[in-house]
Amino acid sequence: QVQLVESGGGLVQAGGSLRLSCAASGSFFSLSAMAWYRQAPGKQRELVASISRGFNTNYADSVKGRFTISRDNAKKTVYLQMNSLKSEDTAVYYCKADSFAGGSWGQGTQVTVSS
């Protein structure tokens, strides 16, 4: 199974950028579909972006054109480049891995966008 650790969150002004990283350890990273989710206070966790084993990507409508998900299998890391950030992007961002061995979540990283 894959263990995940997110980093890169922080406080940024509206219109700014951040890049989140999710470092994986253990086996099967290259065989895992990876995704970023977020959860704002009082709201349900929602899918932000995903990337398949074959590098196909998918985005929530709210982030299309602003966020980019990518992965580096050699480094066992998945990234989320976030540009043109808005106050509504404020949330805890979680990384998730899904493989035939099951699913794994990271502990989350806080992103706060000030307006």
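The values are calculated or read from the model by the stated rules, or taken from the named source; none is laboratory data. Note that the coordinates shown come from a computational prediction; the quantities given were computed from them, not determined experimentally. Methodologically, a virtual Cβ is constructed for each residue, glycine included, from the backbone with ideal geometry; neighbour enumeration extends over all protein chains shown. Heads up: the accessible areas ignore ligands, DNA and RNA and are worked out on the full protein's heavy atoms, side chains in. Shrake-Rupley method; radii C 1.70, N 1.55, O 1.52, S 1.80 Å.
What the table below lists for this structure:
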| quantity | calculated |
| --- | --- |
| Segment 20-41 - residue that is at pLDDT 95 or above and open to solvent by 30 Å² or more (accessible area, probe 1.4 Å) and, of those, nearest to Ala101 (Cα to Cα) | Ala33 |
| Segment 42-54, subset open to solvent by 60 Å² or more (accessible area, probe 1.4 Å) and touching a strand residue (DSSP E or B) at 6+ places or on another chain (Cβ under 7 Å), residue nearest to Asp72 (Cα to Cα) | Arg53 |
| Hits in segment 92-115 - residues which are of a type in the set (Gly, Ala, Ser), modelled with pLDDT of 95 or more and in contact with a Ser or Thr (Cβ under 9 Å, 6 or more places away or on another chain) | Ala97, Ser114 |
| Hits in segment 42-58 (condition: more than 16 Å from Gly103 (Cβ to Cβ) and either among the small types (Gly, Ala, Ser) or in contact with a helix residue (DSSP H, G or I) (Cβ under 7 Å, 6 or more places away or on another chain) (or both)) | Gly42, Ala49, Gly54 |
| Residue tally, condition open to solvent by 30 Å² or more (accessible area, probe 1.4 Å), under 14 Å from the mean Cα position of the chain (by Cα) and either modelled with pLDDT under 95 or not charged (D, E, K, R) (or both), over segment 64-91 | 6 |
